[in-house]
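So the structure is just underneath, and the comments pick up after that.
No lab work stands behind these numbers, since they all come straight from the coordinates. On a predicted model such as this, the values are computed, not experimentally measured, just so you know. Don't worry about glycine lacking a Cβ; one is built from the backbone with ideal geometry, like all the others, and counts go over all protein chains shown.
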Amino acid sequence: MVKVGPLVKIGGTTSVQPDGSVYGIDSPYDQAKYIFEKFLGLLKEAGAEASDVVMIKCYATDMAFAPEVARAFTEKFYEVKPLFTMVGTTMLNRPTQLVEIELEAYIG
């Protein structure tokens, strides 16, 4: 995460837990939900909140995951309605990682 003035950017984030294991293996919904919850904690550390989010980019290893990722997105950001882009990619760092997400927020 980088904060410059009112701008907060969180780079590509996956569902890797503090112990190094991947949360939600075989579930793009669980992985996305975990990442969004991680984002909310990081935003709080930066003095921001969900309502400050302006853009989210998601990379998924299969575009068939779109409905599940969208469900997790909607649960956390429905009221905010930031820009949301999902892109298919052939692979992420580990085969068990199905989703990687980036976020941008503007405080104010």
Pick from A64, A72, A46: which is most flexible by mean-square fluctuation in a GNM of the chain where alpha carbon atoms under 10 Å apart are linked?
A64
Find out how many positive minus negative residues lie around V99, taking Lys and Arg as positive, Asp and Glu as negative, among other residues whose Cβ is under 15 Å from that of V99.
-2
Around V54, which amide H atoms from residues at least 5 apart in sequence, or from another chain, sit under 5 Å from its own amide H, with H modelled in the peptide plane?
E104, A105, Y106
Arranged by the count of other C-beta atoms within 10 angstrom, fewest first, what order do Y106, Y78, Y59 take?
Y78, Y106, Y59
Once K44 and I107 are pulled to full extension, the length gained, defined as 0.36 nm per residue separation minus their Cα-Cα distance, is 21.6 nm
Roughly how tilted is helix 28-45, in degrees to the nearest 10 and between 0 and 90, from the longest Cα axis of the chain?
20
Once phi is turned into ³J(HN,Hα) by the Karplus curve 6.51 cos²θ - 1.76 cosθ + 1.60 with θ = phi - 60°, what whole-Hz value does each residue of region 4-9 show in order, with x for glycine and proline?
10, x, x, 8, 10, 10
Going by alpha carbons, how many degrees (0 to 90, nearest 10) lie between the helix axis of 66-77 and the longest principal axis of the chain?
30
From fewest to most C-beta neighbours within 10 Å, the residues K9, K81, K33 line up as K81, K9, K33
For a quick check: sort T89, T14 by the number of other beta carbons within 10 angstrom, fewest at the front.
T89, T14
Label 7 Å along Cα→Cβ of M55; region 84-99 residues with amide nitrogen under 15 Å?
84-87
antiparallel share of DSSP beta bridges within the chain, to nearest 5, in %, is 75
Amide H contacts under 5 Å for V16, restricted to residues at least 5 apart in sequence or on another chain and with H modeled in the peptide plane, are Y23
Return the long-range amide H neighbours of L7 (sequence gap of 5 or more, or a different chain), with a cut-off of under 5 Å between placed amide H atoms.
I107
